Amino acid sequence: MNKNLTLRERKRAAIIDAAIQEFREKGFQATSMDALAARAEVSKRTVYNHFASKELLFQELVQQMFEVACAGDIYAYDKEMSLKEQLMRFGQHKMELLQSQRFLDLARILMVECVHDPKLADEARQRFEQSDQGLDKWIEKAIADGRMKPVEPAYAANQFFGLIKASAFWPQLLMNHPFPDAQAAEFIIRDTVEMFLSHYEKAGTN
């Protein structure tokens with residue numbers, strides 16, 4: 001934990017970390033505020049001072065996951081750079097996110113709890129649709145520049161990231177497979193980019 005944080009900030013961070021562990025091990029419904037306080041090593045009153053309810057704490061986890069997903073630069077479209085090189089950057093950024101243990105823990109929690117609460121599921125879905133909009137906008141500009149075939153940008157972006165997640169997210173999330181090593185991750189990104197461009201890049205462009 002960052003030693004530069006204030007005492008209040010450290011307690012808040014401890015509560016959030018405890019919530020991730022408790023929700024992952026027991027599920028949202030079975031976790032009590034008493035258990036959260038015990039694991040965070042703070043009083044129950046301190047927990048309520050930061051989060052008035054478990055629902056608000058869960059929303060904080062959704063927010064953190066969204067912020068992690070949006071971390072880093074969203075690469076702007078560059079007409080002077082090859083499409084392949086630009087898409088490799090998107091792939092590498094996504095791969096770094098997916099291999100984060102914290103992101104994977106939060107994803108597991110959200111997946112389980114969203115089954116039980118459609119409202120939470122809808123909220124989480126809307127937030128994470130926003131996190132991939134950088135590629136949507138990039139595709140839109142590449143089409144306008146005449147370098148990609150016409151396609152619905154959000155649809156194509158989902159295809160691109162879906163190819164990566166098929167090998168470097170869903171097997172880890174659902175079957176606890178190990179994350180691909182650096183060489184395999186690079187191959188997945190490169191293969192995804194080449195497959196994507198083979199379908200959408202206009203002939204005679206680069």
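Some observations on this one:
- Taking each residue as 0.36 nm, the span from His199 to Tyr75 lengthens on full extension beyond its C-alpha to C-alpha distance by 42.5 nm.
- Accessible surface calculations at 1.4 Å, restricted to protein heavy atoms, place the chain at 56 Å² per residue.
- Net lengthening on full extension, Ala13/Gln63 (0.36 nm per residue, minus Cα-Cα): 16.6 nm
- Principal-axis tilt of helix 101-116 within the chain, Cα atoms, nearest 10 degrees: 80 degrees
- Label selected from (1) 148; (2) 139; (3) 109, the criterion being volume of the Cα convex hull per residue in Å³ as computed here: (2)
- Using a probe radius of 1.4 angstrom, the carbon and sulfur fraction of the accessible surface of the range 134-202 is 56%.
- Residue range of the chain that is longest and free of GluC sites (Glu not before Pro) which are both DSSP loop and sparsely packed (at most 16 other C-beta within 10 Å): 81-206
- Computed per residue of the chain from DSSP H runs no shorter than four, each worth -39500 (n - 2.57), the mean residue ellipticity at 222 nm is -23500 deg cm²/dmol.
- J(HN,Hα) series, the range 182-188, from Karplus relation 6.51 cos²θ - 1.76 cosθ + 1.60, nearest Hz, glycine and proline x: 4, 5, 5, 4, 5, 5, 4
- Straight-line cross-link reach from Lys26 at under 22 Å between alpha-carbon atoms covers these lysines, not counting any fewer than eight positions away in the same chain: Lys11, Lys44, Lys54, Lys119.
- Between the helical axis of 118-131 and the longest alpha-carbon principal axis of the chain there is an angle of about 50 degrees.
- Highest-MSF residue in the chain out of Leu36, Leu174, Leu87 [GNM, Cα springs under 10 Å]: Leu174
- Taking Cα atoms only, the orientation of helix 7-26 departs from the longest principal axis of the chain by about 80 degrees.
- Cβ-Cβ distance of Gln101 and Ala144, R₀ of 45 Å, FRET efficiency by 1/(1 + (r/R0)^6): the value works out to about 0.70.
- Computed magnitude of the charge dipole of the chain (debye, nearest 20; Cβ of K, R +1, Cβ of D, E -1): 500 debye
The values are calculated or read from the model by the stated rules, or taken from the named source; none is laboratory data. Being a predicted model, the structure only gives us computed values, none of them experimental. Cβ coordinates were reconstructed from backbone atoms using ideal geometry, including for glycine residues, and neighbour counts include every protein chain displayed. Areas reflect the complete protein model, heavy atoms only, side chains present, ligands, DNA and RNA absent. Shrake-Rupley method; radii C 1.70, N 1.55, O 1.52, S 1.80 Å.
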